[in-house]
Amino acid sequence: MKALPVGTDALLVEVASGEEAQALLADLLRRRAEGSLTVREIVPAARTVLLDGLSDPARLAAELTSRPVPPVPPRTAGTVEIPVRYDGPDLADVAAHWGVPEAEVARIHADAEFRVAFCGFAAGFGYLTGLPARYEAPRRSTPRTSVPAGSVALAGPYTGVYPRPSPGGWQLIGTTDVVLWDHTREPAALLSPGTRVRFVPVAPTGPAT
């Protein structure tokens, strides 16, 4: 673990893996909640955690780097369930990359328990980990100029749900009607770092008759 100073009152803590970043985040959030850590903002990323608004960054840096990252504690909060229709335009490509039938992509994905590693890219977008490494998916060679809101997508080790229409190069395997970001809701984001998520398969909606 490395702790790098950022300005006068912040630290950027680098760890070796996404799992360690999630574990460190959970520990820091726990300490802030119990009052043993005073910090204005904690911002996780793929393999870093930024702590902003520290009174003594050097002391905390020495403390963090002198001990191993604790394991991720079990969460007591419930799991967010996201209904998904596995009808994405890249489902066949993902199935071919994994070497399984298309229906098996849906089963594998829905059987996994995900955790939000960090958020970014767009308001409400969470980078979810949980699929075994053998099911990583490459980004598309040519990104789409517009991906519909509610698209469930894969890229590398991550699953994500597009909260609004935007360009994107992830592999689209499904769609959901769940609203990921609503500024009238408290909190506005459905997903936050550390949240557990499961995708629940639902039947595709057929054409009106």
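The values are calculated or read from the model by the stated rules, or taken from the named source; none is laboratory data. All values reported here derive from a predicted model rather than from experimental measurement. All Cβ positions, glycine included, derive from the backbone under ideal geometry; neighbour counts span all protein chains shown. Each accessible area value is taken on the protein alone, full model and side chains, heavy atoms only, with ligands, DNA and RNA left out. Shrake-Rupley method; radii C 1.70, N 1.55, O 1.52, S 1.80 Å.
If you split all Cα-Cα distances of the chain into 5 Å bins from zero, what percentages do you get per bin, shortest first?
1, 7, 14, 18, 17, 14, 11, 8, 5, 3, 1, 0, 0, 0
Using Cα pairs under 8 angstrom and six or more residues apart, how large is the relative contact order of the chain, in percent? Write out the running numbers ahead of the final one.
Numbers: 429 pairs, mean separation 43.9, N = 209.
With pairs under 8 Å counted, the relative contact order is 21 percent.
Rounded if a/c is under 1.5, else prolate if a/b is larger than b/c, else oblate: which is segment 66-187, with a ≥ b ≥ c the root eigenvalues of its Cα gyration tensor?
oblate
Report, to the nearest whole %, how much of the accessible area of the chain belongs to carbon and sulfur atoms, 1.4 Å probe, protein only.
55 percent
What number comes out for accessible area per residue over the chain if the probe is 1.4 Å? Units Å², please.
Here the per-residue accessible area is 52 Å².
I need the phi-derived Karplus couplings for segment 40-52: 6.51 cos²θ - 1.76 cosθ + 1.60, θ = phi - 60°, integer Hz, Gly and Pro marked x.
Ordered by residue, 3J(HN,Hα) equals 6, 8, 10, 10, x, 9, 4, 9, 9, 9, 9, 10, 10 Hz.
Once the piece of chain linking A110 and E19 is laid out straight, how much longer is it, given 0.36 nm per residue of separation minus the C-alpha distance between them? Don't skip to the end; give the middle numbers.
On the way: separation 91, 0.36 × 91 = 32.76 nm, distance 2.07 nm.
Separation in residues times 0.36 nm, less the Cα-Cα distance, equals 30.7 nm.
Using amide H atoms built in the peptide plane, which far-off residues or other-chain residues are under 5 Å from V84 H to H?
Excluding prolines and chain starts, which carry no amide H, the hits are V200, V202.
Within the P(r) computed for segment 1-81, what percentage of the Cα pairs occupies the region above 17 Å?
The answer is 43 percent, as a whole percent.
Calculate the spin-label point distance for V43 paired with D9, positioning each point 7 Å from the Cα along the beta-carbon direction, and give it in nanometres.
It is 1.5 nm.
Starting at 0 and stepping by 10 Å, how many percent of the alpha carbon pairs of segment 117-177 end up in each bin?
24, 59, 17
Counting Lys and Arg as +1 and Asp and Glu as -1, what is the net charge of the other residues whose Cβ lies under 9 Å from the Cβ of T129?
Result for the local shell: 0.
Extending each Cα 7 Å along its Cβ direction at R134 and K2, get the distance between those two points in nm, one decimal.
3.4 nm
Could you give the length gained by full extension between S146 and E34, i.e. 0.36 nm per residue of separation minus their alpha carbon distance, to one decimal place? Walk me through the numbers before you get to the answer.
Numbers: separation 112, 0.36 × 112 = 40.32 nm, distance 4.34 nm.
Between S146 and E34, full extension yields an extra 36.0 nm.
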